[in-house]
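Heads up, the thing below is written out as structure tokens.
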Amino acid sequence: MSALTFTLKIRPDQRVDMSPLVCQLLQDKDPSDIAAIELQSGKRKLRVDELFNVSGSDTQNIIIKNSFGKLDFIGKELDGGSITVEGDAGAYLAMGMKSGEIKISGNAGLYAGCEMKKGYLEIAGDTGDFLGGALPGNKMGMKGGLILVKGNAGERVGDHLRRGTILIEGNAGDYCGSRMTAGTIAVMGQTGRYLGYAMRRGTLLLWNPPVLSPSFNDCGTHTLAFLPMLFKAFATLNSKFADSAAAFNRVQRYAGDMAEMGRGEVLVKI
Amino acid sequence: MLIKLSGGTVYDPAAGIAGQQQDIYIGNGRIINPPADAKPDKEYDLKGKVVMSGAIDMHTHIGGGKGNIARTLLPEDHRQDPVASTHICRSGCGHAMPSTFVTGYRYAEMGYTAGFEPALLPINARQAHMEMGDIPILDKGGYVMLGSDDYLLRMLTAKKDQKAINDYVAWTIQSAKAIGIKVVNPGGINAFKFNQRKLDLDEQNSHYGVSPREILQVLATAVKEIGVSHPLHVHGCNLGVPGNMQTTLDTIQGIGGLPMHLTHIQFHSYGTEGDFKFSSGAAQIAEAVNKNKNITIDVGQILFGQTVTASGDSMRQHANHKHASPNKWVTMDIECDAGCGVVPFKYKDQNFVNALQWAIGLETFLLVDDPWRIFLTTDHPNGAPFTCYPHLIRLLMDKSFRNDMLATIHPEAQKMTTLASIDREYSLQEIAIMTRAGAAKLIGLKDRGGLSAGNWADITVYTDNPNREQMFEKPDYVFKDGELVVVDGKVVATKWGTTHTVKPDFDPSVEKGLKEYFDRYLTMKLGNFKISDEEITEDGRGSITVHPLKG
């Protein structure tokens with residue numbers, strides 16, 4: 001059985017809500033039913049076959065080709081199966097994902113992986129603000145799973161992060177790890193201003209020294225035995241994080257945000 | 001256009017009609033006597049249907065800044081309940097604190113044709129009227145909030161005479177385009193700003209040296225003397241505090257026979273008995289209400305689920321912020337005039353306190369004898385969103401349903417309530433009194449809340465159904481001012497209601513002292529503070545109805 005493939009024919013002017021096209025909702029559907037699904041685009045509804053050429057039949061293995069930055073909510077609440085995006089994705093990629101795997105070859109927009117529960121999200125390009133964050137007003141961001149970004153991430157990475165891991169090979173914007181409750185964010189590149197703003201607990205793991213707020217306390221240098229174990233967990237990833245040369249166990253440790261609980265930590269490679 | 005509603009079973013307590021088959025004629029928006037020969041342009045066959053006047057919610061938070069704070073605080077409340085536009089209705093959203101348009105549609109779809117905002121802050125009254133001006137179909141009005149305002153407290157400290165206070169109260173009602181006076185935690189909102197975290201009925205404000213009892217007395221006297229029909233609308237001291245039943249009983253005694261409306265009394269009816277030091281005071285409160293004919297109450301029933309509490313009582317909201325669910329809240333001062341607290345709540349049937357609150361509200365409904373003096377409210381959105389009313393009506397009208405629900409709540413709470421032993425079931429006539437005729441009488445609405453000739457044609461038609469929840473959540477027809485606006489529980493046409501007000505007289509010299517005060521202390525000038533009729537009517541859809549004064 002070949003993967004169910006949606007190849008974008010036209011680029012609509014308005015954004016498209018792709019949330020109906022996830023594995024668990026398409027299970028047991030005929031190709032004609034799938035072609036007839038209506039997708040909200042601005043104030044109009046468009047049939048799937050107006051936007052896409054549809055081929056293949058394996059609904060648990062979806063490929064979206066020619067994708068571009070106005071296709072929002074790809075893989076929303078995905079519960080098992082895999083989605084591969086060739087091109088860019090719009091906002092809310094993998095929002096609330098429950099399990100399964102989403103990979104994208106291009107860039108993702110705002111709120112990628114927001115409030116994700118479990119599963120694996122891999123973004124080959126860059127990603128917008130609020131990666132793995134919480135929707136406005138909500139108190140909990142990503143609760144589990146793993147996000148890997150090979151490019152750069154925008155601001156507010158892991159806002160209100162509750163659990164799970166975010167790995168960024170490139171740079172992260174301002175307010176990385178803001179309001180984190182727990183969880184882990186690792187950034188190989190540079191980080192912006194207000195790192196860990198109002199974080200309560202959790203770990204920020206950095207390869208480069210950050211600009212830290214005065215509300216973080218220097219706790220000295222440490223050799224941490226858990227770090228080799230953490231890196232070992234990344235060994236199977238298709239990523240620089242899997243490279244044993246990237247691993248380290250000697251860090252400068254900072255605790256904060258002292259304006260909040262202060263039980264979070266920023267670990268910087270030395 | 002002449003409309004005839006034929007053969008419906010009419011419940012019109014205002015005219016003493018309880019379930020008689022009658023024809024109703026509508027002409028020019030009002031109910032008229034049967035015309036001698038004219039043939040109706042449109043006739044509705046209502047045989048077997050229940051006909052009541054449009055329901056009136058006499059206490060519902062539908063306008064004013066706190067609503068917008070709640071909306072801003074809870075975007076998820078809106079995200080989870082989107083409402084698409086139709087060719088008749090505008091789009092909107094919201095469950096606990098819906099958008100203005102959705103508020104109007106949802107009320108109308110339950111057969112309501114009027115709602116009254118109980119906490120119109122004088123300094124924010126303009127915004128509240130503008131917001132209510134965006135609520136379609138419903139008539140609206142507001143009770144203007146006094147009692148924690150700096151100016152009144154200064155007057156009391158300076159021992160100004162009752163006449164001066166009457167002038168200030170009447171001037172405020174006119175300036176804010178209100179229909180009554182509301183007091184929230186009398187003096188307590190102000191005392192909070194002087195770092196007092198509780199204020200009992202006879203406790204003095206540490207700065208002004210004024211007690212809540214004095215504030216209630218002068219304001220209740222003022223309301224009576226300037227001739228406003230709606231009695232002083234009181235949100236008492238110690239909201240939500242175990243043992244506050246005694247405060248409420250003292251408040252009833254302390255008012256000395258003056259007319260007084262105690263609002264959301266469920267939150268003020270708590271004892272301190274039992275293992276958890278929290279018990280029902282409903283029986284004692286109901287006894288006091290039954291005995292004191294000057295007292296009217298509305299219940300403020302809680303119903304289980306997610307909602308948000310929005311109140312002017314910043315003192316008590318601050319104390320309750322620990323219970324915020326989800327955990328985010330706002331308490332603020334409003335221009336030294338009053339306060340505001342917004343705390344989201346999720347009432348749970350397996351939580352002892354919430355479960356007992358639920359039972360206390362129902363006990364109150366069932367133990368107060370006179371339906372003309374008790375009103376059906378959830379203090380929307382504080383106890384539950386107004387969309388829960390049909391469910392609440394079923395709880396009141398259906399004993400076995402009530403007992404089934406009772407059996408599901410926290411077991412310790414079941415032991416602490418007498419609810420299971422109360423056999424009373426509300427009749428349709430009693431529901432019509434509580435939600436129509438009684439409410440119109442309480443607020444002092446002329447030509448509303450009744451179905452006799454001369455009344456405005458606000459009419460709701462239901463299909464009789466033993467399941468009262470289904471019956472009341474989906475009326476067959478709703479007419480507003482003679483126009484058909486709802487069919488089968490869906491809005492089919494929309495229009496604009498009026499704003500109900502009163503205009504009590506005052507001595508114009510009252511503005512002299514006020515002008516100096518405004519110039520020195522406040523953010524706006526006296527001239528801008530006063531709302532003109534045109535501000536409500538100039539958009540072509542709002543209108544003002546002035547109701548007569550008493551005596």
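Averaged over the residues of B:75-83, the number of partner chain Cβ atoms lying within 10 Å of the residue Cβ comes to 2. When shorter helices are ignored and each DSSP H run of at least 4 residues is given -39500 (n - 2.57), the per-residue value for chain B at 222 nm works out to -9000 deg cm²/dmol.
The reciprocal of the average 1/r between distinct C-alpha atoms defines the Kirkwood hydrodynamic radius, which for the stretch A:1-61 equals 11.8 Å. Spacing of the modelled spin labels on residue A:242 and residue B:512, each 7 Å from Cα toward Cβ, amounts to 8.9 nm.
Go ahead and run the numbers for FRET between residue B:322 and residue B:521, Cβ-Cβ distance against an R0 of 25 Å, rounding to 0.05. Given R0 = 25 Å and the Cβ-Cβ separation, E is 0.15. Dipole check for the stretch B:359-471: with +1 at the C-beta of Lys and Arg, -1 at the C-beta of Asp and Glu, and the Cα centre as origin, the magnitude is about 220 Debye. What you get for chain B, charging only the Cβ of Lys and Arg (+1) and of Asp and Glu (-1), is a dipole of about 460 debye around the Cα centre. The share of C-alpha pairs in the protein assembly as shown whose separation exceeds 40 Å stands at 47 percent. Residue by residue, the stretch B:90-99 carries 3J(HN,Hα) couplings of 7, 6, x, 5, x, 10, 6, 10, x, 5 Hz when phi is fed to the Karplus relation 6.51 cos²θ - 1.76 cosθ + 1.60 (θ = phi - 60°); x denotes Gly or Pro. Mean per-residue shielding of peptide A:181-191 is 0, counting Cβ atoms of other chains within 10 Å of each Cβ. Around the amide H of residue B:301, modelled in the peptide plane, lie the amide H atoms of B:377, B:378, B:379, all under 5 Å away and 5 or more residues distant in sequence or on another chain.
Amide H contacts under 5 Å for residue A:39: A:46, A:47, A:48, restricted to partners 5 or more places along the chain or on a different chain, H placed in the peptide plane at 1.01 Å from N. Within the straight-line cut-off of under 15 Å between alpha carbons, the aspartates and glutamates reachable from residue B:198 are B:313, sequence neighbours fewer than 8 places apart in one chain being disregarded. Hull volume per residue, based on the alpha-carbon atoms of the stretch A:1-145 and their convex hull, is 93 Å³. Of B:224/B:441; A:139/B:277; B:193/B:515; A:98/A:150, which pairs sit farther than 26 Å apart, going by alpha carbon to alpha carbon? Pairs exceeding 26 Å: A:139/B:277. Using θ = phi - 60° in the Karplus curve 6.51 cos²θ - 1.76 cosθ + 1.60, the 3J(HN,Hα) couplings for the stretch B:332-343 round to 8, 8, 10, 6, 6, 9, 6, x, 7, x, 10, 9 Hz; x is entered for Gly and Pro.
When the charge dipole of the stretch A:111-270 is built from unit charges on Cβ atoms (+1 for Lys and Arg, -1 for Asp and Glu) and taken about the Cα centre, the candidate among A:160, A:172, A:213 whose Cα reaches farthest toward its positive end is A:160. Applied to the stretch B:201-206, the Karplus parametrisation 6.51 cos²θ - 1.76 cosθ + 1.60 on θ = phi - 60° returns per-residue 3J(HN,Hα) values of 4, 10, 8, 8, 4, 5 Hz, with x for Gly and Pro.
Annotation: the antiparallel percentage among DSSP beta bridges lying fully within chain B is about 55.
Per the Cα gyration tensor, the stretch A:116-211 maps to an equivalent ellipsoid with semi-axes of 17, 15, 11 Å, ordered largest to smallest. How big, in percent, is the set of alpha carbon pairs in chain B lying more than 34 Å apart? Considering chain B, 35 percent of its Cα-Cα pairs are separated by more than 34 Å.
Cβ-Cβ distance of residue A:222 and residue A:98, R₀ of 45 Å, FRET efficiency by 1/(1 + (r/R0)^6): the value works out to about 0.80. For the stretch B:141-252, the Stokes-Einstein estimate of translational diffusion at 25 °C and a viscosity of 0.890 mPa s comes to 174 µm²/s, using the Kirkwood hydrodynamic radius over alpha-carbon pairs. Toward the positive end of the charge dipole of the protein assembly as shown, with +1 on the Cβ of Lys and Arg and -1 on the Cβ of Asp and Glu, the farthest Cα among B:487, A:233, A:102 is that of A:233.
In terms of the mean number of neighbouring beta-carbon atoms within 10 Å, the peptides B:292-304, B:388-400, A:111-123, B:483-495 order highest first as A:111-123, B:292-304, B:388-400, B:483-495. P(r) tail, the stretch A:73-269: Cα-Cα pairs separated by more than 22 Å, 40% of all pairs. Between the stretch B:241-289 and the stretch B:52-109, what is the C-alpha centre distance in whole Å? Answer, in whole Å: 31.
The dipole here belongs to the protein assembly as shown: it is taken about the Cα centre, uses +1 on the Cβ of Lys and Arg and -1 on the Cβ of Asp and Glu, and is about 1440 debye. Around the amide H of residue B:485, modelled in the peptide plane, lie the amide H atoms of B:478, B:479, B:480, all under 5 Å away and 5 or more residues distant in sequence or on another chain.
Its DSSP H runs of at least 4 residues, each contributing -39,500 (n - 2.57), put the calculated 222 nm mean residue ellipticity of chain A at -1500 deg cm²/dmol, to the nearest 500. Cross-link pairs exceeding 31 Å in C-alpha to C-alpha distance, out of B:348/B:480; A:143/A:269; A:76/B:66; B:490/B:530; B:182/B:399, comprise B:348/B:480; A:76/B:66; B:490/B:530; B:182/B:399.
We did not get these values from a lab; they are worked out from the coordinates using the rules stated. In this text, all values refer to a predicted model and were calculated from it rather than measured experimentally. As a convention, Cβ positions derive from the backbone with ideal geometry for all residues, glycine included, and neighbour counts pool all protein chains shown.
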